[in-house]
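Down below is the structure, laid out as C-alpha cells.
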Amino acid sequence: MQNTQTGAMNMLDFFGLFNVATLYIILGLTVLVIALVVLYIVNIVKIKKLNGRISELTKGKDGKSLEEIMTTRFGEIDKLKASNAKHTKQINAINEELLSVYKKVGIVKYDAFNEMGGKLSFALAMLDKSNNGYVINAMHSREGCYTYIKEIVKGESYIALGDEEKKALERAINCDSLVTD
C-alpha cells in the first residue's frame, strides 16, 4: 500500500519539477484566475448594456442633446407650474363667486283664485348657500298676473309669508336640487 501512495506522490511530483505543496498552490491560483476571468466577462457584459442605455439617452446630433432636452423639459415644467398657479387662483375666485349664487330652489304651484284652474300661480324660493335670497310669488287671475317678491335673510323673511311661500321656502332650505309640485 505504501507503494501506491509513493506512486501517487511520484505522479504528483510531476516529473520532479514540482513538489506536492507547490502543486496545490498552482491549482488554487488556477481556480482563482478562472473565477476572475468569469467576473471580468460578466463586467464586460454589464458595461456594454450600460453603454447602450447611455447612448439611448444621448442619441442625437451630439452629446449635448440630453442637456438640451432636459433644459427644455424643465422649462416646460416651470410653465406648467405657473399655469397651475393661475388656474388655482381662477378656481378660488369662482368658488368665492359661487357662495352668492342661488343654488337652492323650491317651487310650489297652486290655484290663487277659485275661478281659475290649472295651477297657473306659483311661489318660487331662490336661496344661496347661506339661505339668503328671495321668494317670488306670481298670482294669476282673469284680470292679469301679479308678482310679489320678498327678501329672505338667513332663511327668514321680515314680511309675513303666505302658505305657498312658506312651503316653497322650506323646500329650498331643505333640499339640494329643484323640487316642484
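Computed from the coordinates by the stated procedures, all read-outs in this text should not be read as laboratory data. Values in this document were obtained by computation on a predicted structure and should not be read as measured data. We place every Cβ from the backbone using ideal geometry, glycine too, and count neighbours over all the protein chains shown.
Details
- With a Förster radius of 35 Å applied to the beta-carbon distance between I91 and N174, the computed FRET efficiency rounds to 0.75.
- For K48, the lysines whose Cα comes closer than 30 Å to its Cα, not counting residues fewer than 8 places off in the same chain, are K59, K61, K64.
- FRET E, pair V31, K81, Förster distance 41 Å, beta-carbon r, rounded to 0.05: 0.10
- Of all lysines in the structure, the ones whose alpha carbon falls short of 16 Å from that of K129, not counting any fewer than 8 places away in one chain, are K103, K104, K154.
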